Amino acid sequence: MFRAQCGACHGPGGAGGAAGPDLTTGTMKRGNSDESLFQIVSKGIPGTPMPGYGASAKEIWQVVAYLRTLSIGKAAEQAKGNVERGAALYTQHKCGGCHELRGAGGWLGPSLDNVGAERSIGHLYAALREPNSDVAPQSWRLRGKTKAGAAVMGVRINEDTFSYQYRDARGLHSVAKSALSEAALVTESAMPSYAGKMTEAEMDDLVAFLANCRVGGGR
Ligand code: HEC
Ligand code: HEC
């Protein structure tokens, strides 16, 4: 779909063409969240040659997912900050209280061991500035109560018709839905926004550190 509909302007691999900008740099100047990409692809950018694309929501999400893959794995080379200073900021801001990295850290957030290989640089900035813009369903939290009255709280890793699998400070658990008297999913991020809590240069350093968190080949 991308090659047929977008390649003529953005180049067949998305790296920029005669009539459209490079989409592989990892930072979209019109917005980095999945929502803003969805809007751009479905409605176009008024006043520019970028057309809206009249496809089903499902097809548009597929194009957005494809756009994301164009910049994955390139975050480290695109980062402009200082990795060592970023490492110090990671410690100073206690990110490890929620995230596991290299065998140590908390459980509430996802492991960051390979985040530099899995995420684009735009996603890393968005994760720090607006954590709520894009919370993966694997990070939603289960908040419930068993029929016996015990609180159930953790990160919902998975769910099927009959049970929830979730993670808390003690590890992985599975609970039958029939054993719960209450269950709600919290879809907001548990992560605070760091916008305004550090300078832009510090944000660049922290992103450079994250971009270099890669299993095999990271620093
Ligand atoms: C007729 C040429 C043309 C076609 C076809 C086209 N685009 Fe664009 N696109 C542009 C131009 C020009 C811009 C830059 C507009 C601006 O910001 O001034 C743009 C911008 C974008 C942006 C925003 C980039 C940024 O940095 O914020 C995205 C994302 C995008 N296009 C995706 C697509 C996708 C996906 C398709 C196919 C479904 C597509 N475009 C088809 C010309 C095109
Ligand atoms: C209170 C707990 C908490 C703290 C403190 C915290 N995070 Fe997070 N973080 C989360 C949770 C939960 C998520 C998953 C939900 C989301 O995407 O916002 C997350 C997501 C992320 C992501 C996106 C991961 C991905 O694969 O999409 C990155 C990157 C990240 N955090 C980095 C950091 C950094 C760097 C710090 C310190 C400056 C930090 N976090 C502090 C809880 C936390």
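Sort Cys9, Cys95 so the one with the fewest other Cβ atoms within 10 Å of its own Cβ comes first.
Cys9, Cys95
Roughly how many nanometres apart are two label points built 7 Å out from the Cα toward the Cβ at Ala201 and Ala169?
3.8
Any chance you could run the full-extension gain for Ala179 through Thr161? It's 0.36 nm times the residue separation minus the Cα-Cα distance, nm to one decimal.
Extending this stretch completely gives an extra 5.2 nm.
With r as the distance between the Cβ atoms of Lys147 and Tyr66 and R0 = 45 Å, compute the FRET efficiency 1/(1 + (r/R0)^6) and round to 0.05.
Efficiency at R0 = 45 Å is approximately 0.50.
Given Cβ point charges of +1 (Lys, Arg) and -1 (Asp, Glu) and nothing else, what value in debye, to the nearest 20, does the dipole of the chain about its Cα centre take?
300
Taking a point 7 angstrom from the Cα of Arg3 along the C-beta vector, which residues in segment 39-68 have backbone N less than 17 Å away?
Answer for this model: 63, 66-67.
Full extension from Asn132 to Ser193: what is 0.36 nm times the residue separation minus their Cα-Cα distance, to one decimal in nm?
Result: 21.1 nm gained on full extension.
Stick to the Cα atoms of segment 74-189, pair each with every other, and give me the Kirkwood hydrodynamic radius in Å at one decimal.
15.9
For segment 2-69, what number results from the quotient of the Cα radius of gyration and 2.2 N^0.38 Å?
0.99
Taking the Kirkwood radius as the inverse of the mean 1/r across Cα pairs, report the Rg/Rh of segment 137-186.
Rg/Rh for segment 137-186 comes to 0.92.
Going by amide H atoms built from the backbone, whose H comes under 5 Å of the H on Glu100, apart from near neighbours?
The answer is Gly106, Ser111, Leu112.
Quote to one decimal, in nm, the extra length available between Arg102 and Ala15 on full extension: 0.36 nm per residue of separation minus the C-alpha distance between them.
That works out to 28.0 nm of additional length.
Values quoted throughout were computed directly from the atomic coordinates according to the rules given, and no laboratory measurement underlies them. This structure is a prediction, so every number in the text was calculated from the model and none was measured. Neighbour counts run over all protein chains shown; Cβ positions are idealised from the backbone, glycine included.
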